[in-house]
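The values are calculated or read from the model by the stated rules, or taken from the named source; none is laboratory data. Computed from a predicted structure; not experimentally measured. Here the Cβ positions follow ideal geometry from the backbone for every residue, glycine too, while neighbour counts run over all protein chains shown. Calculation scope for accessible area: heavy atoms of the full protein, side chains included, ligands and nucleic acids excluded. Shrake-Rupley method; radii C 1.70, N 1.55, O 1.52, S 1.80 Å.
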Amino acid sequence: KKFNLTDDDIKEIIDNIDLLCKPIETIPFTLRTQRGLAKTRIKTVWDLVQCNRNKIRYGSASIGMKSFQEIEQWLSEHNLKLGLTLPPNINLMQLKQKLNKA
């Protein structure tokens with residue numbers, strides 16, 4: 001699998017690690033969007049940004065266009081985007097713990 005992280009993406013992840021680790025239910029999405037995301041395995045903002053458009057729009061949640069636009073707008077407001085992936089040997093929570101100790 002190809003990992004599409006640039007140096008800027010890695011810096012963005014480190015700069016936003018607390019936001020990325022936030023549970024989805026703490027994000028001020030509408031009830032419709034929250035329910036759609038609850039039907040998926042998306043538990044954190046990090047889980048969300050790793051998804052692509054098709055997984056969110058047509059996956060198990062079948063999130064409608066309004067909810068999808070709400071998600072994209074929120075991500076954009078926080079300088080995040082869909083489709084980020086980490087190499088499998090990097091664990092976001094472990095990275096956060098190491099950064100907090102530093």
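Here are some notes:
- Pair list, Cβ < 9 Å and 6+ apart or interchain, from the stretch 2-24 residues that are closer than 14 Å to GLY83 by Cα to residues that are among the hydroxyl-bearing types (Ser, Thr, Tyr) and at pLDDT 70 or above: LYS2/THR85; PHE3/THR85; ASN4/THR85; LEU5/THR85; LEU20/THR44
- Scan of the stretch 4-22 for residues that are outside any loop (DSSP other than H, G, I, E, B), modelled with pLDDT of 70 or more, out of contact with any Lys or Arg (no Cβ under 6 Å at 6 or more places or on another chain) and open to solvent by less than 50 Å² (accessible area, probe 1.4 Å), ordered by number: ILE13, LEU19, LEU20
- Screening the stretch 23-49 for residues that are open to solvent by 100 Å² or more (accessible area, probe 1.4 Å) and assigned to a loop (DSSP other than H, G, I, E, B) and picking the one that is modelled with the lowest pLDDT gives ARG41.
- Residue list for the stretch 50-84, filter: under 21 Å from ILE13 (Cα atoms), assigned to a helix (DSSP H, G or I) and polar (S, T, N, Q): GLN73, SER76
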